[in-house]
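Report on the structure given below.
The values are calculated or read from the model by the stated rules, or taken from the named source; none is laboratory data. Just so you know, these numbers come straight off a predicted model, no measurement behind them. Cβ: placed from backbone, ideal geometry, glycine included. Neighbour counts: every protein chain shown. We work out accessible area using only protein heavy atoms, side chains counted, and drop any ligands, DNA or RNA first. Shrake-Rupley method; radii C 1.70, N 1.55, O 1.52, S 1.80 Å.
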Amino acid sequence: MAKKIKLLNKYAVVTGASKGLGYEYCKELLKKGYNIIGVARNASNLNNLKTEFVGQKIIAWNFDLSVFENNVELIKKCQDYDTEIFINNAGYGVWGFFTQSDVDQEMNMIELNIKSLHYLTKKMIIKFDEQGYGRVINVGSMAAFTPGPVFASYYASKAYVFSLGLAINTELKKTKSKARVLTVCPGPLKTDFWNRSSNQKEAKYKSTIKVMSTSTYAKKSLNTALKTNKKDYIVTGLTNKLVKKITKWAPLSITLSSVYKYQKNRK
Ligand SMILES: NC(=O)c1ccc[n+]([C@@H]2O[C@H](COP(=O)([O-])OP(=O)(O)OC[C@H]3O[C@@H](n4cnc5c(N)ncnc54)[C@H](OP(=O)(O)O)[C@@H]3O)[C@@H](O)[C@H]2O)c1
């Protein structure tokens, strides 16, 4: 028999909610009793969850968050809901040698991965700080821990997410705020991320690194992000923890060569 869900009467907002990690975060949040507002350029997939989570509100909003004004509109619309969690998950990358990759795609990626996330984090954390509860969860990446030859702008964008989140969370803790910004750092996941990032429609997923299932990753990282008061960022899974240690202690030149080799051979 399905476990009875204790309804919380609070909302969680998830960007990039139509598939992949964002969709799995929505499912986990619904299991925890939250109502959901899911955002994507086409968020209609979320309606599939309505049959499974009958007593909960599932709201799907279509916004292209790489267009700045849509972020302003999103924040305005969120004011009408008692929001406790805001997950900045929407994101993608532009794979390829920097001299060859498409600059328009890179600018669009920067609008989404950096500018949208920055604005939404600021607006929501001010609200959470004032109301005395709430968490922003920003989806970074293991890519935050090193520069990424052959995927340069994506790695750099995730380094921004990591740096911003840790600095804000330190301010919140030092000023005894009840609000938190947690940065989660997934390793490779089997989603549509790679297809979009490598401009392939039906690309076969290719990684030499062991991959955790997206639902397991969502569950584990969310549980930690909602529980911890001390942590600033979350690395989940043994392989990811090991890679994090290696990038910390190995000479940068070796890390750069390894990432170059790994990324160059992916397509
Ligand atoms: N998969 C990995 O290996 C991996 C590893 C580390 C970190 N991450 C990070 O995890 C996050 C989620 O990625 P994923 O793997 O789940 O990729 P995904 O399957 O491609 O999902 C991306 C989600 O973002 C939405 N999205 C894309 N562009 C958008 C835009 N301009 N405005 C609003 N929503 C947009 C997509 O929906 P629409 O297409 O309908 O807009 C979709 O819901 C990203 O931040 C990614 O960088 C992924």
Test for ASN169: is it part of a helix (DSSP H, G or I), in contact (Cβ under 8 Å) with a residue 60 or more places away in the chain and either open to solvent by 40 Å² or more (accessible area, probe 1.4 Å) or over 29 Å from LYS261 (Cβ atoms) (or both): yes
Selection count, region 46-73, where residues are within 11 Å of the ligand (Cβ to nearest atom) and small (Gly, Ala, Ser): 2
Every residue from region 172-192 that is within 13 Å of the ligand (Cβ to nearest atom) and either in a loop (DSSP other than H, G, I, E, B) or modelled with pLDDT under 95 (or both): CYS185, PRO186, GLY187, PRO188, LEU189, LYS190, THR191, ASP192
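May I ask you to say which residue of LYS122, LYS115 is among the charged types (D, E, K, R) and more than 23 Å from PHE193 (Cα to Cα)?
On the way: LYS115 fails: more than 23 Å from PHE193 (Cα to Cα).
The unique qualifying residue is LYS122.
Yes or no, residue by residue, for (1) open to solvent by 30 Å² or more (accessible area, probe 1.4 Å); (2) within 30 Å of ALA152 (Cα to Cα); (3) away from the ligand (no atom under 13 Å from the Cβ):
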{"position": "ALA40", "(1), (2), (3)": "no, yes, no"}
{"position": "ASN89", "(1), (2), (3)": "no, yes, no"}
{"position": "PHE97", "(1), (2), (3)": "yes, yes, yes"}
{"position": "SER116", "(1), (2), (3)": "no, yes, no"}
{"position": "ILE125", "(1), (2), (3)": "no, yes, yes"}
{"position": "ASN138", "(1), (2), (3)": "no, yes, no"}
Restricting to helices (runs of 4 or more DSSP H) lying wholly in region 209-267: which have 3 or more residues that are in contact (Cβ under 8 Å) with a residue 40 or more places away in the chain and more than 17 Å from PHE151 (Cβ to Cβ)? 214-227, 238-249
What's the total number of residues in region 4-23 that are near the ligand (Cβ under 8 Å from one of its atoms), open to solvent by 10 Å² or more (accessible area, probe 1.4 Å) and not in a loop (DSSP other than H, G, I, E, B)? 3
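GLU106 - would you say it is assigned to a helix (DSSP H, G or I), more than 16 Å from the ligand (Cβ to nearest atom), modelled with pLDDT of 95 or more and more than 23 Å from ASN223 (Cα to Cα)?
no
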